[in-house]
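The values are calculated or read from the model by the stated rules, or taken from the named source; none is laboratory data. If you're wondering where the values come from, they're calculated on a predicted model, not measured in any experiment. Note that each Cβ is placed from the backbone with ideal geometry, even for glycine, and that neighbours are counted across all protein chains shown.
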Amino acid sequence: MGEGGDWVDRVIEEWSAERPDLDLAPVEVVGRLGRAAALSGRLLERNLKRFGLTTASFDLLATLRRAGPPYRLAAGALARSTLKTSGTITARLDALERDGLVRRAPDPDDRRGVLVELTPDGLARLDEAVGSHLALQATMVEGLDADERRSLAALLRKLLAGVDRAGGAG
């Protein structure tokens, strides 16, 4: 592995030696994305744990928070927004409700529907966690200058469109 190489470079070198017929160019991107996602996911999860949250619970609370006052959404809207099944959302809401971070109420406009709302404790916990969450993300990208971050974000947006076209969003 050359100077400044990383784990992905080593994997590519090893595959190149064993299977020189393979086009390994996609591994340079997809391999690094996967590794970055796994490593950053562990860091973010560990940080959220300090607030008694998981990535999944943080995502639900943040979705409610972004809805604006009164920080309430229909359970179905939460499922669509987080790309999770209603069963998954129900289980997560059960835990958040037990922790006093959300409350559920019947939807007056839909007899079968349920509204989910942040409690004052849920709002306070989420607001505390989101500051720490964003500070950690800033630390993770501090090696990139502002132009590099914008360029990378644009490239990742383009890449995700390709992943969606390949069936990744479904």
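Each row is one residue, and each column tells you yes or no for (1) surrounded by 13 or more Cβ atoms within 10 Å (Cβ to Cβ); (2) not in a helix (DSSP H, G or I).
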position	(1), (2)
LEU126	yes, no
SER132	yes, no
THR139	no, no
GLY143	no, yes
GLU148	no, no
SER151	no, no
ASP164	no, no
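Restricting the stretch 104-125 to residues that are within 23 Å of the chain's Cα centre (by Cα) and charged (D, E, K, R), which is nearest to LYS49 (Cα to Cα)?
Result: ARG125.
Taking GLY68, is it within 27 Å of GLY131 (Cβ to Cβ) and over 21 Å from the mean Cα position of the chain (by Cα)?
No: the conditions fail for GLY68.
For ASP21, indicate whether it is at pLDDT 95 or above and either over 19 Å from the mean Cα position of the chain (by Cα) or in a helix (DSSP H, G or I) (or both).
In short, yes.
Identify, by number, the condition in (1) in a loop (DSSP other than H, G, I, E, B); (2) touching a residue at least 12 places away in the same chain (Cβ under 8 Å) that GLY5 doesn't meet.
(2)
Among (1) of a type in the set (D, E, K, R); (2) modelled with pLDDT of 95 or more; (3) closer than 22 Å to THR139 by Cβ, where does ARG35 come up short?
(2)
Can you report the number of residues in the stretch 1-46 which are of a type in the set (S, T, N, Q) and farther than 26 Å from LEU160 by Cα?
The total comes to 1.
Being exposed (fewer than 14 other Cβ atoms within 10 Å of the Cβ) and either closer than 30 Å to ASP6 by Cα or over 12 Å from the mean Cα position of the chain (by Cα) (or both) narrows it down to one residue among ALA75, ALA36; which is it?
Residue meeting the stated conditions: ALA36.
Kindly indicate the residue of the stretch 42-88 that is among the β-branched types (Val, Ile, Thr) and in a loop (DSSP other than H, G, I, E, B) and also modelled with the lowest pLDDT among those meeting that condition.
THR85
Do we have ALA56 as more than 19 Å from the chain's Cα centre (by Cα) and small (Gly, Ala, Ser) here?
no
Out of everything in the stretch 17-58 that is among the β-branched types (Val, Ile, Thr) and in contact with an Asp or Glu (Cβ under 8 Å, 6 or more places away or on another chain), what residue ends up being nearest to ARG98 (Cα to Cα)?
Restricting to residues being among the β-branched types (Val, Ile, Thr) and in contact with an Asp or Glu (Cβ under 8 Å, 6 or more places away or on another chain), the top hit is THR54.
Within the stretch 89-121, track down each residue that is in a helix (DSSP H, G or I) and loosely packed, with under 14 Cβ neighbours inside 10 Å.
Residues satisfying the conditions are ALA91, ASP94, ARG98, PRO120, ASP121.
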